[in-house]
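One structure is given below, encoded as structure tokens.
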Amino acid sequence: MMLKIEHLYKSFGSKSVLEDLNLNVNEASIFGLVGINGAGKSTLLRLIAGVYEADSGQITLNGSDTYNEPLCRKNIAFVSDEAYYPIGATIGSMKLLYETMYDFSEEAYAKYLKLFGLNEKMSVLNLSKGMKRRVSLLFALASKPKLLLLDEAYDGLEPLARLRFKKALSELIEDEQITVIISSHNLRELEDICDSFGILEGGRIVSYGDLLESREMINKYQLAFKDEKTREDFADFDLLHFEAEGRIVRLVIRGQEEEVIEKLNTMNPILTDVLPVSFEELFIYELESRGENHE
């Protein structure tokens, strides 16, 4: 299902969190939502899930409003970073609640119960943080959503559980064509699973697109010259980062690699090395180019 967000505004009291935010997320994709702490990632996910009402703007899933249409929300599963569990709740008793709210799959429930090493008699409040996260993921996946929202999805999960969850997500994308939005502060965790991304800053999505294509369009270049260079010498490039140490220059440039190298060669470097950037570096350089302090 296609998720469409148009001219979204949200504030709490006098504090504006999201301002004129626009975004499209395609069906059967895993979208990584990234931003510095306090950027509004959790607020955006809660708005999409229908937990919060927007001040203005619209969020639709295949044309249906996610806040005003209850039947639309049955297609959305939201795993919050601060999940609430009733006192005395067991996995078995929570199952009864989810069965009344969603098109619950007994088959998927049994599958993920086993996959995550859980049983119905477990008292949820007595579980560790990682085990509680497994419970949240169990019910989200068993609810057979068309749109799955994950806020800090891997928080508390040990490495084996993370691998199992990533495998389960990949299978759901392939078999059920669901759409997934993942928010995480750990960009290395998103890099090997997301196919698209969006950077949230200043209440807006300032950059988004295909992750592989974006990384291919941004590269690190290390060059050696006969004389020292300054940032101004590279003013004709789409320069995201510059540092110099003597006659050695390190650059991060947006553009087709072949075209950039051809242009750099006109400056007669003695040596040129090209290195790809990681998702984490892509995020840092995008913010750096906008003057954002991400320390």
message: Probe radius 1.4 Å, ligands and nucleic acids left out: which of L115, L160, L239, L149 has the largest accessible area, and how do the rest follow?
response: L160, L115, L239, L149
message: Looking only at the chain, where both bridge partners belong to it, what percent of the DSSP beta bridges are antiparallel (to the nearest 5)?
response: 70 percent
Per residue, in Å², the accessible surface of region 1-158 once ligands and nucleic acids are set aside, probe 1.4 Å: 46 Å²
message: For Cα pairs less than 8 Å apart in space and 6+ apart in sequence, what is the mean separation divided by the residue count of region 33-127, i.e. the relative contact order in percent?
response: 23 percent
- prompt: Do any of K41/K146; K41/K229; K146/K220; K121/K144 go past 29 Å between their Cα atoms, and which?
  reply: K41/K229; K146/K220
- line: Only helices counted: for the chain, with every DSSP H run of 4 or more residues adding -39500 (n - 2.57) and the sum spread over all residues, [θ] at 222 nm is -9500 deg cm²/dmol
query: Carbon-plus-sulfur fraction of the accessible area of the chain, 1.4 Å probe, in percent?
result: 47 percent
- prompt: If contacts are Cα pairs under 8 angstrom and at least 6 residues apart, what is the relative contact order of region 48-88 in percent?
  reply: 35 percent
message: For the chain, set up a GNM with springs between Cα atoms under 10 Å and report which of V135, V260, V79 has the largest fluctuation.
response: V260
query: What shape does region 68-169 have by the C-alpha gyration tensor, where a ≥ b ≥ c are the square roots of the eigenvalues, rounded means a/c under 1.5, and otherwise prolate means a/b greater than b/c and oblate the rest?
result: rounded
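According to the square roots a ≥ b ≥ c of the eigenvalues of the Cα gyration tensor, what is the shape class of region 114-212, taking rounded for a/c under 1.5, prolate for a/b larger than b/c otherwise, and oblate for the remainder?
Values: a/c = 2.06, a/b = 1.63, b/c = 1.27.
Since a/c reaches 1.5 and a/b is larger than b/c, the shape of region 114-212 is classed as prolate.
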- request: Run the numbers on the chain and let me know its relative contact order in percent, using alpha-carbon pairs under 8 Å that are six or more apart.
  value: 20 percent
message: So I have (i) -0.66; (ii) -0.52; (iii) -0.44, and one of them is log10 I(q)/I(0) by the Debye sum over Cα atoms at q = 0.09 Å⁻¹ calculated from this model. Which one is it?
response: (ii)
- line: Row for region 144-295, column shape: gyration tensor on C-alpha, a ≥ b ≥ c, rounded if a/c < 1.5 i.e. under 1.5, prolate if a/b over b/c, else oblate; value prolate
task: Please list L47, L127 in order of solvent-accessible area, largest first, computed with a 1.4 Å probe with all protein chains present.
output: L127, L47
- request: Would you list which aspartates and glutamates come within 16 Å of K74, measuring only between C-alpha atoms, while excluding same-chain residues fewer than 8 positions from it?
  value: D65, E99, D103, E176
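The values are calculated or read from the model by the stated rules, or taken from the named source; none is laboratory data. Quick caveat: nothing in here was measured; it's all calculated off a predicted structure. Note: areas computed on protein heavy atoms with side chains; ligands, DNA, RNA excluded. Shrake-Rupley method; radii C 1.70, N 1.55, O 1.52, S 1.80 Å.
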